[in-house]
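The values are calculated or read from the model by the stated rules, or taken from the named source; none is laboratory data. From a predicted model like this one, the values you see are computed outputs, not experimental measurements. Because the Cβ atoms are built from the backbone with ideal geometry, glycine has one as well, and the counts that use them run over all protein chains shown. Only protein heavy atoms, including side chains, enter the accessible area calculation; ligands, DNA and RNA are left aside. Shrake-Rupley method; radii C 1.70, N 1.55, O 1.52, S 1.80 Å.
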Amino acid sequence: MSKILIVEDETPLRKALVDTLLNEGYEVLEAKGGAEGIATALAEKPDLILLDLLMPQVSGMQVME
């Protein structure tokens with residue numbers, strides 16, 4: 001099963017993505033911001049990361065670096 005990490009600071013959008021991907025049979029991880037996304041990605045090694053680029057504190061561009 002593929003593991004997908006969603007890094008999104010807007011809760012309604014994050015929850016919609018999580019629900020959709022879970023219904024499609026994916027294992028889904030979620031992070032509320034860039035710093036949490038980095039920590040989760042390093043710990044869990046997801047197959048795919050869906051990343052919001054415009055987030056406060058640690059932006060999506062910083063996460064990609």
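Out of the residues in region 30-45 that are in contact with a Leu (Cβ under 8 Å, 6 or more places away or on another chain) and buried (at least 18 other Cβ atoms within 10 Å of the Cβ), state the one that is nearest to I4 (Cα to Cα). Only one residue tops the list, namely E30.
Of the residues examined, V58 is one that is over 11 Å from the mean Cα position of the chain (by Cα) and open to solvent by less than 70 Å² (accessible area, probe 1.4 Å).
Out of G37, G60, G33, one residue alone is of a type outside the set (A, V, I, L, M) and touching a Gly at 6+ places or on another chain (Cβ under 7 Å). It is G60. Inspection of region 1-10 identifies at least one residue that is more than 11 Å from the chain's Cα centre (by Cα) and modelled with pLDDT under 90. Within region 5-27, being within 23 Å of Q57 (Cβ to Cβ) and β-branched (V, I, T) holds for I6, V7, T11, V18.
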